[in-house]
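**Q** This structure is in structure tokens; I'll ask about it shortly.
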Amino acid sequence: MANNGRRSVKMKKGPTVGTGGHGRKALEGKGPTPKAEDRPYHKAHKSKQLAERSAAKRGTGTRNAGARSGPKGRATEEVVTGRNSVVEALRAGIPAKALHVAIRIEMDDRVKESLKLAAERGIPLLETGKPELDRMTDDAIHQGLVLQIPPYEYQDAYELAEETIASWKKGHVANAPLFVALDGITDPRNLGAIIRSVSAFSGHGVIVPERRSVGVTASAWKTSAGAAVRVPVARAANLNSTLKAFKNMGIYVLGLDGDGDVSLPDLALATEPVCIVVGSEGKGLSRLVRENCDQIVSIPIDSAMESLNASMAVGISLYEISRQRAAK
């Protein structure tokens, strides 16, 4: 029978060339693309390795005297970005893990000073591409300079108090133990200013709650003007439990509040071991913290002024305590 010039095509069962059957595995994919710093051939990987080796040699950066690493020190690594911020951070002596400098960066006085200060302190200088700087800073304006800050290592509040009291009783510490505890303060600049005041008036440490509280960030380091190197900051898993433990150690807990039952100039406990507790400017001391205080102390101010900034209130209180101790 005629087929009108058409050829019959015999079909085969199974995959044939062009169906993808022979290369099914090749089509399965290789998973998500690794980060630049995890690719051995990428420049960012070498930069990461250099930074880690340098940090290991320096003992993970400058730490507070007596600071120890532990499970409670869970601060995350931060970065300082921008030419003004970076040079000011380096001037203030903030511990740094590495200084990342953009490739072919346009030099000015701030960049030159940053490079000089970093070199003098032995901070690794890493030439980094703009895409990687953008990734590190979440696309913030960095102007080609990024300073990596290592995580702060907090002490345990109970251990810090215990060690300070023991040193005081042995005569290794001249003044009675003096601490400042923060209740509900979230502004790192307040923490930095309080650390600075504690250092100025011979205090022995700052206590911050582990949750819903400010931590030692780059901003706190900067505001402390380097005092965070000298004054240990300790974390308390539960502030109220810590204050109760302090009282059992013989430390008087004094809360600062505008309607206190004792005026600061009339404070009779200044020469004793003391922990000053300060609350946020808006809410003040929380109810439970207030109940755990031995005394509530107020600072005499003009009635037209509702309240003082937390760091200012702490500075005034520390000055008065220092004055009374010197006069003893």
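**Q** Restricting to the range 278-302, count the residues that are assigned to a strand (DSSP E or B) and of a type outside the set (A, V, I, L, M).
**A** The first filter runs over the range 278-302 and keeps only residues assigned to a strand (DSSP E or B), leaving 278-280, 284, 295-298.
Then drop every residue that is not of a type outside the set (A, V, I, L, M), which leaves 279-280, 284, 295, 298.
The total comes to 5.
**Q** Find all pairs meeting these conditions: Cβ atoms under 7 angstrom apart; at least six residues apart or on different chains; first residue within the range 76-87 and modelled with pLDDT of 85 or more; second residue of a type in the set (S, T, N, Q).
**A** VAL79/THR137; VAL79/GLN148; THR81/THR137; GLY82/GLN143; ARG83/GLN143; VAL86/SER114; VAL87/SER114
**Q** Check off (1) within 26 Å of MET312 (Cα to Cα); (2) touching a Lys or Arg at 6+ places or on another chain (Cβ under 9 Å); (3) modelled with pLDDT of 95 or more; (4) not basic (Lys, Arg) for LEU160 and give me the number that stays unchecked.
**A** The number of the failed condition is (2).
**Q** For the range 232-254, state whether one or more residues are more than 14 Å from the chain's Cα centre (by Cα), basic (Lys, Arg) and modelled with pLDDT of 95 or more.
**A** We begin by selecting, within the range 232-254, every residue more than 14 Å from the chain's Cα centre (by Cα); these are 236-254.
Okay, now just the ones that are also basic (Lys, Arg), so 244, 247.
In the following step, the residues that additionally are modelled with pLDDT of 95 or more were identified as 244, 247.
The answer is yes; a qualifying residue exists.
**Q** What about ALA96, is it under 30 Å from ARG325 (Cα atoms) and either touching a helix residue (DSSP H, G or I) at 6+ places or on another chain (Cβ under 9 Å) or in a helix (DSSP H, G or I) (or both)?
**A** Working: under 30 Å from ARG325 (Cα atoms): no; either touching a helix residue (DSSP H, G or I) at 6+ places or on another chain (Cβ under 9 Å) or in a helix (DSSP H, G or I) (or both): yes.
Taking the combined requirement at face value, the residue does not satisfy it.
**Q** Moving on to the next point. Search the range 222-257 for residues being small (Gly, Ala, Ser) and outside any loop (DSSP other than H, G, I, E, B), and hand back the single one that is nearest to ARG212 (Cα to Cα). Please lay out each step first, then the result.
**A** Within the range 222-257, the first condition is being small (Gly, Ala, Ser), and the residues that meet it are 224-228, 234, 236-237, 241, 245, 250, 255.
Keeping just the survivors that are outside any loop (DSSP other than H, G, I, E, B) gives 227-228, 234, 236, 241, 245, 255.
Values: ALA227: 23, ALA228: 21, ALA234: 15, ALA236: 12, SER241: 16, ALA245: 21, GLY255: 19 Å.
Across the range 222-257, the extreme among qualifying residues is ALA236.
**Q** Out of (1) over 23 Å from GLY192 (Cβ atoms); (2) in contact (Cβ under 8 Å) with a residue 12 or more places away in the chain; (3) not in a helix (DSSP H, G or I); (4) not charged (D, E, K, R), what's the single condition that is false for MET107?
**A** Only one criterion is unmet by MET107, namely (2).
**Q** Shifting gears a bit: Within the range 258-277, which residues are under 32 Å from the mean Cα position of the chain (by Cα) and either surrounded by 20 or more Cβ atoms within 10 Å (Cβ to Cβ) or not in a loop (DSSP other than H, G, I, E, B) (or both)?
**A** Answer for the range 258-277, where residues must be under 32 Å from the mean Cα position of the chain (by Cα) and either surrounded by 20 or more Cβ atoms within 10 Å (Cβ to Cβ) or not in a loop (DSSP other than H, G, I, E, B) (or both): LEU264, ALA270, PRO273, VAL274, CYS275, ILE276, VAL277.
**Q** Every residue in the range 126-164 that is under 19 Å from the mean Cα position of the chain (by Cα) and acidic (Asp, Glu), please.
**A** The answer is ASP138, GLU153, ASP156.
**Q** Looking at the structure I just gave you, is PRO71 modelled with pLDDT under 90 and over 15 Å from GLN148 (Cβ atoms)?
**A** Values: modelled with pLDDT under 90: yes; over 15 Å from GLN148 (Cβ atoms): yes.
In short, yes.
**Q** I'd like the full set of residues that are touching a residue at least 12 places away in the same chain (Cβ under 8 Å) and closer than 15 Å to ASP183 by Cα, limited to the range 240-257. Working first, answer last.
**A** Keep residues of the range 240-257 that are touching a residue at least 12 places away in the same chain (Cβ under 8 Å), which gives 240, 242-247, 249-257.
Selection gives ASN240, THR242, LEU243, LYS244, VAL253, LEU254, GLY255, LEU256, ASP257.
**Q** OK, next. Report yes if some residue within the range 129-141 is farther than 18 Å from ILE195 by Cβ, touching a residue at least 12 places away in the same chain (Cβ under 8 Å) and buried (at least 22 other Cβ atoms within 10 Å of the Cβ); otherwise report no.
**A** Yes, the range 129-141 contains a residue that is farther than 18 Å from ILE195 by Cβ, touching a residue at least 12 places away in the same chain (Cβ under 8 Å) and buried (at least 22 other Cβ atoms within 10 Å of the Cβ).
**Q** Working carefully through the options SER311, SER307, SER286, SER317, find the one that is within 21 Å of ILE194 (Cβ to Cβ), of a type in the set (Ser, Thr, Tyr), out of contact with any Ser or Thr (no Cβ under 8 Å at 6 or more places or on another chain) and buried (at least 21 other Cβ atoms within 10 Å of the Cβ).
**A** Working: SER311 fails: out of contact with any Ser or Thr (no Cβ under 8 Å at 6 or more places or on another chain); SER307 fails: buried (at least 21 other Cβ atoms within 10 Å of the Cβ); SER286 fails: buried (at least 21 other Cβ atoms within 10 Å of the Cβ).
Exactly one residue qualifies, and that residue is SER317.
**Q** Of everything in the range 78-93, what is among the charged types (D, E, K, R) and part of a strand (DSSP E or B)? Give them in sequence order. Let's see the steps before the verdict.
**A** Pass one, the range 78-93, residues among the charged types (D, E, K, R): 78, 83, 88, 91.
Listed by number, the list holds a single entry, GLU78.
The values are calculated or read from the model by the stated rules, or taken from the named source; none is laboratory data. Since the model is a prediction, treat every value here as computed from it, not as a measurement. Counting neighbours? That spans all protein chains shown, and the Cβs are built from the backbone with ideal geometry, glycine included.
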